[in-house]
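K.L.:
Below is a structure I'd like to ask you about.
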Amino acid sequence: DASAGESTAPPASVCILVDSRCLSASVDLMTSLRQRHAAAVHVCSLDGSYFIVSNRTAVERHSQSDLAAQQNRKRLVERVRGLQRLFERVCLIVEKDRTKPGEAARPFQRTRYYDNTLAALVRSGVRLLWSDGTEQSAGLLADLARLEQRKGQGISVPLEVKGQHREQALQLYLSLPSVSHVHALNMCHNFSSIAQLMNSSIEAIQKGGCMSPSRAEEVYRFLRYSCDTFLMKTS
Amino acid sequence: MENKPAALLNAVPPYGHVIASEKWRETTLIHNLKGGGVKILFESELSLTDFHLPNKSCILYVSECDIVAGNNYKRKLVRYRNASSSFQGLVLVERTRLSEQFFSAVQKFVVFDLGLTLLPVSGQTEASQLIAQIVHSGSRENPFRRSSSSQLLDPLVLAVVQQVPGVGRIKALALLQNFSSLQQLSSATISELEPVVGPAAARHIHSFFHKHAAAGT
């Protein structure tokens, strides 16, 4: 582990994908990521409002009161499960609630329900990060992306695809189950054609998609799954 | 005596119980835990961790005083991390007005450098409530746990085929009737595709699958 020695070198630029739905709520955060942390940020259409900081890690921001509200439970469960299907690692940045200018900061009332949510999240392997606000969240996202890059998991392909055919190929890869936007992006850049991916071995899919062996195997099996069209027609 | 602590490191308490280090006896935290229906087993040999919980997790408690006084807590954390490899290592950190300015640095060290889970608390009262929830929730079903739901794959395959430009539901079904998997479909020649979708679509589909797609070249 040479992380100590690396601290003297200028921090390498990191790549982060952001869902377009984050835009309106995260303008300051994006500005900070780009300007203060020199991150390459690309806005795309993900299946939820989250960030992708590496080949295996997704990050979602939640306010503390968001986690503490019982009526949000169902949505939170769906979001976390959805992310866990697509990513090996799921992080939640828990942000302190913002106060309006001139308003006194109200102390957060910690409830049993909130503690129960935290306990369940931790037990399911979700990583929690704590933030005071936008500026700190940007720092955490950049730190996380940098850490993943050091571990060889950073996003290393161009963050966008150009041209109609490549765009269509990306959409096809995205429709494969358990394939996240970053996996699809890797496939777009690493396989010479769709047919090449579809005829690849598990190892080649793992390498080209920059994904875990089990995910690669799932994709491999899906591509060879024999459909029963009779069942589909009746449904 | 040399290897006794090592054996104790792997001790997992029964449900509803917590194994606590002897030094916590007579504290607010323990008092509140008991009040919250958690049973306590004290253990004097617990040196690297403060609490062992059911479900193979353990807790190291970093107090305001540890942080502000720089009380060697970093070394304690490293030893804790190294000792708790087979456990889920949780770190409760007292985040107070006094320790606030150090919190960000503590979080970086605990989460990014050591890979442990950090949970901030304002003090022992909040800590006891959180620990009680962790203990009690251990016996309940976890809603966030990854579910290995076996989805029906056939409609998903159909959806992928419909991503091919110019292929709607009817053509996709016809294609899958003749080439049952995506791999077979992508390997089909133009002459094999022709009888199913006609010459123009056959050429189009074949070219879509085989067109050079890799960017940057």
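The values are calculated or read from the model by the stated rules, or taken from the named source; none is laboratory data. Note that the coordinates shown come from a computational prediction; the quantities given were computed from them, not determined experimentally. Using ideal geometry, Cβ is built from the backbone for each residue, glycine included, and neighbour counts are taken over all protein chains shown.
K.L.:
When you look at A:CYS227, is it buried (at least 18 other Cβ atoms within 10 Å of the Cβ) and over 20 Å from the mean Cα position of the chain (by Cα), yes or no?
P.N.:
Yes: the conditions hold for A:CYS227.
K.L.:
(1) away from every other protein chain (no Cβ under 13 Å); (2) surrounded by 15 or more Cβ atoms within 10 Å (Cβ to Cβ): which one isn't true of A:GLY82, the others all being true?
P.N.:
(1)
K.L.:
May I pose another question? With respect to B:LEU158, determine if the residue is buried (at least 17 other Cβ atoms within 10 Å of the Cβ), under 30 Å from B:HIS17 (Cβ atoms) and at the interface with chain A (Cβ under 9 Å from one of its Cβ atoms).
P.N.:
Taking the combined requirement at face value, the residue does not satisfy it.
K.L.:
Could we say that A:ALA195 is in contact with a Cys (Cβ under 7 Å, 6 or more places away or on another chain), within 25 Å of B:LYS171 (Cα to Cα) and either of a type in the set (Gly, Ala, Ser) or modelled with pLDDT under 95 (or both) here?
P.N.:
Considered against the rule, which asks whether it is in contact with a Cys (Cβ under 7 Å, 6 or more places away or on another chain), within 25 Å of B:LYS171 (Cα to Cα) and either of a type in the set (Gly, Ala, Ser) or modelled with pLDDT under 95 (or both), A:ALA195 comes out as no.
K.L.:
Give B:LEU98, B:LEU119, B:LEU114, B:LEU130 a once-over and let me know the one that is over 26 Å from B:SER47 (Cβ atoms) and touching a residue at least 24 places away in the same chain (Cβ under 8 Å).
P.N.:
On the way: B:LEU119 fails: over 26 Å from B:SER47 (Cβ atoms); B:LEU114 fails: over 26 Å from B:SER47 (Cβ atoms); B:LEU130 fails: over 26 Å from B:SER47 (Cβ atoms).
Step by step, each of B:LEU98, B:LEU119, B:LEU114, B:LEU130 is checked, and only B:LEU98 is over 26 Å from B:SER47 (Cβ atoms) and touching a residue at least 24 places away in the same chain (Cβ under 8 Å).
K.L.:
A:SER192 fails exactly one of the following numbered conditions: (1) in contact with a helix residue (DSSP H, G or I) (Cβ under 7 Å, 6 or more places away or on another chain); (2) at the interface with another protein chain (Cβ under 7 Å from one of its Cβ atoms). What is the number of that condition?
P.N.:
With respect to (1) in contact with a helix residue (DSSP H, G or I) (Cβ under 7 Å, 6 or more places away or on another chain); (2) at the interface with another protein chain (Cβ under 7 Å from one of its Cβ atoms), A:SER192 is out only on (1).
K.L.:
Would segment B:120-132 turn up any residue that is more than 11 Å from chain A (Cβ to nearest Cβ) and of a type in the set (Ser, Thr, Tyr)?
P.N.:
no
K.L.:
With respect to A:GLY133, is the statement that it is touching a strand residue (DSSP E or B) at 6+ places or on another chain (Cβ under 9 Å), surrounded by fewer than 19 Cβ atoms within 10 Å (Cβ to Cβ) and of a type outside the set (Ser, Thr, Tyr) true?
P.N.:
Answer is yes for this residue.
K.L.:
Do the conditions hold for A:LEU170, that is, is it within 18 Å of A:ASP19 (Cβ to Cβ) and part of a helix (DSSP H, G or I)?
P.N.:
yes
K.L.:
Out of the residues in segment A:152-167 meeting the condition of being without any contact (Cβ under 8 Å) to a residue 24 or more places away in the chain and either part of a loop (DSSP other than H, G, I, E, B) or away from chain B (no Cβ under 11 Å) (or both), tell me which one is nearest to A:ILE52 (Cα to Cα).
P.N.:
Looking at residues that are without any contact (Cβ under 8 Å) to a residue 24 or more places away in the chain and either part of a loop (DSSP other than H, G, I, E, B) or away from chain B (no Cβ under 11 Å) (or both), I get A:GLY152.
K.L.:
So, in segment B:171-204, how many residues would count as being in contact with a Ser or Thr (Cβ under 7 Å, 6 or more places away or on another chain) and assigned to a helix (DSSP H, G or I)?
P.N.:
Residues meeting the conditions: 3.
K.L.:
To continue, here is another question. Looking only at segment B:95-115, count every residue that is more than 10 Å from chain A (Cβ to nearest Cβ) and surrounded by fewer than 19 Cβ atoms within 10 Å (Cβ to Cβ) and tell me the total.
P.N.:
8
K.L.:
Can you tell me which residue in segment B:152-170 is nearest to the chain's Cα centre (by Cα), limited to those that are over 17 Å from B:GLY198 (Cα atoms) and part of a helix (DSSP H, G or I)?
P.N.:
Let us first name the residues in segment B:152-170 that are over 17 Å from B:GLY198 (Cα atoms), namely B:152-160, B:163.
Okay, now just the ones that are also part of a helix (DSSP H, G or I), so B:154-160.
Working: B:ASP154: 30, B:PRO155: 30, B:LEU156: 27, B:VAL157: 30, B:LEU158: 32, B:ALA159: 30, B:VAL160: 30 Å.
Only one residue tops the list, namely B:LEU156.
K.L.:
If you don't mind, there's one more thing I want to ask. Among the residues of segment A:195-216, write down those that are crowded, with 18+ Cβ neighbours inside 10 Å and either more than 10 Å from every other protein chain (Cβ to nearest Cβ) or in a helix (DSSP H, G or I) (or both).
P.N.:
Correct list: A:ALA195, A:GLN196, A:LEU197, A:MET198, A:ILE205, A:GLN206, A:GLY208, A:GLY209, A:CYS210, A:MET211, A:ARG215, A:ALA216.
K.L.:
Take the conditions free of Cβ contacts under 8 Å to residues at least 12 places away in the same chain and facing chain B (nearest Cβ under 9 Å) and apply them to A:LEU144. Does it pass?
P.N.:
So A:LEU144 does not fit the description; no.
K.L.:
Please indicate, with yes or no, whether at least one residue in segment A:35-45 is over 24 Å from B:ASP113 (Cα atoms), more than 18 Å from the chain's Cα centre (by Cα) and modelled with pLDDT of 90 or more.
P.N.:
Among the residues of segment A:35-45, at least one is over 24 Å from B:ASP113 (Cα atoms), more than 18 Å from the chain's Cα centre (by Cα) and modelled with pLDDT of 90 or more, which makes the answer yes.
K.L.:
Suppose we filter B:ALA20, B:ALA11 for residues that are closer than 29 Å to B:ARG140 by Cβ, away from chain A (no Cβ under 14 Å) and either assigned to a strand (DSSP E or B) or touching a Pro at 6+ places or on another chain (Cβ under 6 Å) (or both); which single one remains?
P.N.:
Going through B:ALA20, B:ALA11 in turn, just one is closer than 29 Å to B:ARG140 by Cβ, away from chain A (no Cβ under 14 Å) and either assigned to a strand (DSSP E or B) or touching a Pro at 6+ places or on another chain (Cβ under 6 Å) (or both): B:ALA20.
K.L.:
In segment B:187-202, which residues are in contact with a Pro (Cβ under 9 Å, 6 or more places away or on another chain) and more than 17 Å from B:LEU173 (Cα to Cα)?
P.N.:
Once the filter is applied, which keeps residues that are in contact with a Pro (Cβ under 9 Å, 6 or more places away or on another chain) and more than 17 Å from B:LEU173 (Cα to Cα), segment B:187-202 yields only B:ILE190.
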